[in-house]
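Below: one structure, written as structure tokens.
The values are calculated or read from the model by the stated rules, or taken from the named source; none is laboratory data. This structure is a prediction, so every number in the text was calculated from the model and none was measured. Glycine also receives a Cβ, built like all others from the backbone with ideal geometry; neighbour counts cover every protein chain displayed.
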Amino acid sequence: MALKIGDKLPEILGIDANGNQVTASQLVGKKVVLYFYPKDNTPGCTAEACSFSYGYAELQKAGYEVIGVSKDSVASHRKFADKYSLPFTLIADTDLSLNQAFGVWQEKKMCGRVYMGTVRTTFVADEKGVITHIINKVNTKDAANQILNEIN
């Protein structure tokens, strides 16, 4: 069953681009933007990551920590973060456990083809790690402002 508003973030969030484990208890006291995206270095995902990068200082000023999640490897995340100078954490969910816990690993359709993949979704949690908002219609080119405008 997918996590929903009112649920707590799972304690183990995954491994970041530097090979370190990220946990919910490390984030207590900060609001969290946890965004799921399909793949590093694709146009929409790059636009979304760069939007969060450009708006990162303003998000931090508002008390948010940003974390991106995809099924890409730690090495892929490291290259992606370095290429675009991303100042926030990227989690490698290679076993899809986080995608599945949040209910974003779903059947998708493109050009008549049906396949399983990550549905771009953003979750926002409060300082206690409780999910307060779920954004299903993500504006990839303006994701940071979308958070600041819709949530605050």
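Look at the stretch 17-28: where a residue is under 15 Å from Ser76 (Cα atoms) and a partner is of a type outside the set (A, V, I, L, M, F, W, C), sitting 6+ places away or on another chain with Cβ atoms under 8 Å, you get Ala17/His77; Ala17/Arg78; Ala17/Thr89; Asn18/Arg78.
Of the residues making up the stretch 64-77, just one is out of contact with any Asp or Glu (no Cβ under 9 Å at 6 or more places or on another chain) and in a helix (DSSP H, G or I), namely Ala75.
For the stretch 113-146, which positions are part of a helix (DSSP H, G or I), among the aliphatic types (A, V, I, L, M) and either out of contact with any Leu (no Cβ under 9 Å at 6 or more places or on another chain) or more than 26 Å from Ile12 (Cα to Cα) (or both)? It would help to see each step written out before you state the result.
Residues of the stretch 113-146 that are part of a helix (DSSP H, G or I), as a first pass: 140-146.
From what is left, the residues that are among the aliphatic types (A, V, I, L, M) are 143-144.
The answer is Ala143, and nothing else.
Residues Ala81, Ala57: which one is touching a Pro at 6+ places or on another chain (Cβ under 9 Å), part of a helix (DSSP H, G or I) and either within 24 Å of Lys128 (Cα to Cα) or not aliphatic (A, V, I, L, M) (or both)?
Numbers: Ala81 fails: either within 24 Å of Lys128 (Cα to Cα) or not aliphatic (A, V, I, L, M) (or both).
Just a single option satisfies the conditions, and that option is Ala57.
As for the stretch 93-112, it holds at least one residue that is under 24 Å from Gln146 (Cβ atoms), outside any helix (DSSP H, G or I), among the small types (Gly, Ala, Ser) and in contact with a Lys or Arg (Cβ under 9 Å, 6 or more places away or on another chain).
Regarding Asn149, is this residue surrounded by 14 or more Cβ atoms within 10 Å (Cβ to Cβ), at pLDDT below 95 and of a type in the set (S, T, N, Q)?
On the way: surrounded by 14 or more Cβ atoms within 10 Å (Cβ to Cβ): no; at pLDDT below 95: yes; of a type in the set (S, T, N, Q): yes.
Criteria not met by Asn149.
Suppose we filter Leu90, Leu86 for residues that are of a type in the set (A, V, I, L, M, F, W, C), surrounded by 19 or more Cβ atoms within 10 Å (Cβ to Cβ), in contact (Cβ under 8 Å) with a residue 60 or more places away in the chain and not in a helix (DSSP H, G or I); which single one remains? Lay out the reasoning, then the answer.
On the way: Leu86 fails: in contact (Cβ under 8 Å) with a residue 60 or more places away in the chain.
Unique residue meeting the criteria: Leu90.
For the stretch 52-65, name all the residues that are without any contact (Cβ under 8 Å) to a residue 40 or more places away in the chain and closer than 25 Å to Gln100 by Cβ. Scanning the stretch 52-65 gives a single hit, Glu65. Taking the conditions (1) hydroxyl-bearing (Ser, Thr, Tyr); (2) surrounded by 17 or more Cβ atoms within 10 Å (Cβ to Cβ); (3) at pLDDT below 95 in turn, Thr42 satisfies each one other than (2).
From Ala2, Ala47, grab the single residue that is touching a Ser or Thr at 6+ places or on another chain (Cβ under 6 Å) and of a type in the set (A, V, I, L, M, F, W, C).
Ala47
Just one residue in the set Ala17, Ala2, Ala49 is closer than 24 Å to His133 by Cβ and either buried (at least 18 other Cβ atoms within 10 Å of the Cβ) or touching a His at 6+ places or on another chain (Cβ under 9 Å) (or both); that residue is Ala49.
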